[in-house]
Amino acid sequence: MSADRTVDIDPFIAGRTRRRDLRLEVANPADPEDRVGSVGISSPKDADWAVQVADAARPQWSKRSVSERAELLEGSAQRLDEQSSVLAALLSREHGKTPREAAAEIAGAVQILRWHSEQAAALEPVVVHGDSGRMVTRRVPVGVVAVIVPWNYPVLLAQLMVAPALLAGNCVVVKLPDHSPLALSRVLHWLASALPDGVLNVIAGEGSSVGAALTTHRLVRKVAFTGSTPTGRAIMRAASDTLKGLSLELGGNDAAVVLEDARLDGDLVAELVKGTLACAGQVCYAPKRLYVHRRHRALFVDAFVEEADEVVVGDGRDPAVTMGPLNNAAQRDRVRELLRDAVQRGAQVLPLGRASAVRNENGLFVQPHLVVETDPGSRLMQEEQFGPLVPVYFFDDEDEAVELANATEYGLAASVWSEDVDRAFEIAGRIEAGTVFVNIHRVGASSVAMPFGGFKQSGIGRGHGIEGIHEYTELQVLAERQDMRSAT
């Protein structure tokens, strides 16, 4: 498959591709005239069929040994690795992220599959012998899992849900994102082709129809979703009638707190620029609110603007470009609206970087900005933006910084920056977030082996790590009493 070829995909159910006439066109966000491909739209009937097929395949798949399932994941990782350059080119075109960012995402997906292929021991039964007899605790599959994938890191984030679900012995139905479905579909078709028919099925369609059909289906025993908090709430409501299990990694509005003793003449500012502007800011746990000690005000603003001067916004096909467009028009319009609100509230807005000389003006580009002295109550500080705006507020003492960091409904991740690591850990422990980094906060900081998930409105459950595998199991206890008289 050449880098500029169009890719037309369709649902994959029961081991076969199913052609659908109703199609969603996919264009390059950097160049809307560049047609990347299309995806066949599934119906609620397709969703029901996919679930029925998955449920029928479930008994035999769950009987496979964990080591067999792990081997299949390793084989898929190998194929994905071999095709990584082609997939990265496709992902870059359909998403808008730069080729380097797309390649890193594919490499991350390979790593996720390989890591899970090495975790069979996480599902071993535990036997305990006590005075009253023997107890065995087992991790058994939940059944059919519906996986709903976001558009920002589709290939990588899908594997964080699909790989542990399959390893644990579940059958899976994946709903592709409306934006950026093509590279992910290729990966899932390869993976499904290596599995027994019906174990992994792939569909596409709107959340209000196809997504709803999955989240309300009586045979779906768990829904795994990564995406916005409002959508997560809707999924939780839909799943309540059948008491489905939920893994929800939801919105984040991550705070980065730079303490008074932090050194700005090292890597700190460069790290924050990388963290805030990676993938044009479309990262769930990117630092989205900066709280910097007032002592650093002048130096921080100058240093950030200078460091970000190397950012070039444009089409990733231009080798000089380091930041692509936003993925879709709705997201671009939302970011622009948040910037207008901050300006109306009196914030100082400083443009960062520069535009590529060859970019298409019809692309979904947003120039990054440092937004200084932002009102802590502004929408930019309170809502998840998912864009290249960097709001910074200067605080006077650590208690104020912690209070401000905690003053939103979100709690996905955060970071504390300091020369005194012990002090940073102390402050980190006071921040209401599922993960608090110290002296780092960017893509790659959260490894696949490290549990990840949110507090408050940022989610339910944990992904990554052994805890993430266990999320796709039920804990069953088998108990034997040697002396029934002692039990009475």
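Tabulated data for the structure shown
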| read-out | value |
| --- | --- |
| Which of 226, 473, 6 has the fewest Cβ neighbours within 10 Å, and the rest in rising order | 6, 473, 226 |
| Surrounding net charge for residue 354, when Lys and Arg each add one and Asp and Glu each subtract one, Cβ distance under 12 Å | -1 |
| Inter-site label distance for residue 260 and residue 118 at 7 Å from Cα along Cβ, in nm | 4.4 nm |
| Antiparallel DSSP beta bridges within the chain, percent to nearest 5 | 40 percent |
| Per-residue Cβ neighbour rank within 10 angstrom, fewest leading, 217, 296, 189 | 189, 296, 217 |
| Segment residue 298-residue 74, length gained on full extension (0.36 nm per residue, minus Cα span) | 75.5 nm |
| Cross-link pairs beyond the 24 Å C-alpha cut-off, checked among 222/288; 97/244; 45/97; 97/288; 175/222 | 222/288; 97/244; 45/97 |
| Sorted by Cβ neighbour density within 10 Å, fewest at the top, the residues 288, 175, 45 | 45, 175, 288 |
| Calculated from backbone phi, Karplus (6.51, -1.76, 1.60) coupling profile of region 251-266 in Hz, x at Gly/Pro | x, x, 9, 5, 9, 10, 10, 9, 6, 4, 8, 5, 9, 8, 8, x |
| Values of log10 I(q)/I(0), in the order q = 0.05, 0.10, 0.11 Å⁻¹, for the chain under a Debye, Cα-only, solvent-free model | -0.20, -0.77, -0.91 |
| Rounded to 5, the percent of DSSP beta bridges in region 254-438 classed as antiparallel | 15 percent |
| Selected from 242, 406, 299, residue furthest toward positive end of dipole (the chain; charges at beta carbon) | 242 |
| In range of the label at residue 476: residues from region 110-146 whose backbone nitrogen is under 16 Å from the point 7 Å along Cα→Cβ | 123-127, 135-144 |
| Fraction of beta bridges assigned by DSSP in region 331-488 that are antiparallel (%, nearest 5) | 45 percent |
| Within region 208-243, trypsin sites (Lys or Arg not before Pro) in DSSP loop having at most 12 other beta-carbon neighbours inside 10 Å | 218 |
| Calculated over region 254-438: convex hull of Cα atoms, volume per residue (Å³) | 109 Å³ |
| Cβ-placed point charges (K, R +1; D, E -1), dipole of region 254-438 about Cα centre in debye, nearest 20 | 880 debye |
| Point-to-point label distance, residue 67-residue 438, nm (Cα→Cβ direction, 7 Å offset) | 4.0 nm |
| Extension gain (nm, one decimal) between residue 447 and residue 140, 0.36 nm per residue minus Cα-Cα | 108.0 nm |
| Net charge dipole size for the chain [Lys, Arg +1 and Asp, Glu -1 on Cβ; Debye, nearest 20] | 2040 debye |
| Acute angle (nearest 10 degrees) that the helix 229-239 long axis makes with the longest principal axis of the chain, alpha-carbon atoms | 20 degrees |
| Residue-by-residue Karplus 3J(HN,Hα) for region 146-152, coefficients 6.51, -1.76, 1.60, Hz, glycine and proline x | 9, 10, 10, 9, x, 8, 6 |
| Förster radius 45 Å - calculated FRET efficiency between residue 60 and residue 35 (Cβ-Cβ, nearest 0.05) | 0.65 |
| Spin-label proximity, residue 341 to region 224-257 - amide N less than 15 Å from point 7 Å beyond Cα toward beta carbon | 229-230, 252-254 |
| Rounded to whole Hz, the Karplus (6.51, -1.76, 1.60) HN-Hα couplings of region 192-204, x for glycine and proline | 4, 5, 8, 10, x, 3, x, 5, 10, 10, 10, 9, 9 |
| Magnitude of the charge dipole, region 1-83, Cβ model with Lys/Arg +1 and Asp/Glu -1, debye to 20 | 560 debye |
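Read the figures in this text as sums done on the coordinates, not as results from a lab. Nothing here was measured: the structure is a model prediction, and the numbers come from that model. All Cβ positions, even for glycine, are placed from backbone atoms using ideal geometry, and neighbour counts span all protein chains on display.
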